[in-house]
Amino acid sequence: MNKRLIDHLESVDESTWLASLESIAADIHEVDRNAVEIWFRIHPLDLVRYLESSENLDEAMKGIALQGDFGLFDKIDTSHRFLFGHRYWPKTKSAVLARAENPENFRGLETEIRELANEIAKTEGVNQNLTLGIAAVGLMTLVQAGYDALAASPGKIEKPSGLMLESPDKIVAERKKDDSQGLLGFLKTIDKQFTVSFHAVKYAGKFKIINNEEIASASHKDHSKDWQSFDNRCWDGPIPIECTSASCGTCWIGVIEGAEKLCEPTRRERRQMKVFGYGQAEDQKPIIRLACQAKASGNVSIIIPPWNAVFGKKVRGNVEEVELEPVTTSAKKLRETLASMAAEND
Ligand code: FES
């Protein structure tokens, strides 16, 4: 097998990947434009390489306070379920594997992504703007999971359901809509209500949010399911939280639609995003936010990453001092107090 493509791809650093994504972003259909960037933020190559190169993985994970389910190995077929392009995954996977064996010269990352997307689009009979995103995801999955793991994955997809059954344009239009506030809605101020649609690797759903309420605050009122049975960090609603004060990084989210309906990040949120290492701290309207800080004034669609960590200093080298409260914050103390009260009452 000729591994030249893999060798070339492995020599590409994360900033080049992100620059290539930015370069093709305008050609990705809006239905997946933000979703693809969020996928790449949830799967940061720099962090993967940092952990891969550590002599003691457990210590390295502890050193960056890594919690949850990090990595692609057990999510090769599922990590991209929130993309419209997920439906093209079987063809994407086989095309990536075929190209990995192809002896042709590497003509740059952006060209590689575009050619792969073109091939998938032709086979599927769709516009290339619908396959660019999943093509980029497929190539990064090859890099992070490796040829053998990618080849061994079943390549199965989750059949589209709900809104995802609609056309890409209809999905975008529906995501942009705000809930009707009724005939006299224009008179409402603080009692307006909107909807947050969320998608995590193992669960999805919706909850209501009051105008100008933090997303995490609205999430914590949603006890419709045992969220912790899906993700141990979800002890109080579908969004994992700890400190609720921009100190721990547990509640980070990706905003697929509605970033402009969220409050501007404060200086503290921007600084802490650098500390955590999630990126986008300088963007005017970042699509990566902290749910405990982001207040919504309209409907938003979000992605909940399956892990959290504090790796800005160690991996990105982009902050001098890590201003981080220990995970034993007020939220954790509250849980412990409630647990001990429950034990006393038994
Ligand atoms: S819950 Fe700790 S940063 Fe939001």
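Here are some notes:
- Unique residue being in the same structural domain as residue 271 (by TED's automatic domain parsing) and either assigned to a strand (DSSP E or B) or within 11 Å of the ligand (Cβ to nearest atom) (or both) when the list is 208, 225, 221: 208
- So residue 253, is it within 14 Å of the ligand (Cβ to nearest atom), under 21 Å from residue 201 (Cα atoms) and in a strand (DSSP E or B): yes
- Restricting attention to region 62-84, the residues that are within 25 Å of residue 47 (Cα to Cα), in a helix (DSSP H, G or I) and either touching an Asp or Glu at 6+ places or on another chain (Cβ under 7 Å) or not small (Gly, Ala, Ser) (or both) total 4.
- Yes/no for residue 265 being without any contact (Cβ under 8 Å) to a residue 40 or more places away in the chain and either buried (at least 23 other Cβ atoms within 10 Å of the Cβ) or more than 18 Å from the chain's Cα centre (by Cα) (or both): yes
- Residue list for region 233-250, restricted to those being touching a residue at least 60 places away in the same chain (Cβ under 8 Å) and more than 6 Å from the ligand (Cβ to nearest atom): 233, 235, 236, 238, 239, 240, 245
- Checklist (1) under 16 Å from the mean Cα position of the chain (by Cα); (2) more than 13 Å from the ligand (Cβ to nearest atom); (3) in a helix (DSSP H, G or I) applied to residue 260, failing item: (1)
The values are calculated or read from the model by the stated rules, or taken from the named source; none is laboratory data. These numbers were taken from a predicted model, which means no experiment stands behind them. FYI the Cβ positions are ideal-geometry reconstructions off the backbone, even for glycines, and counts take in every protein chain you see.
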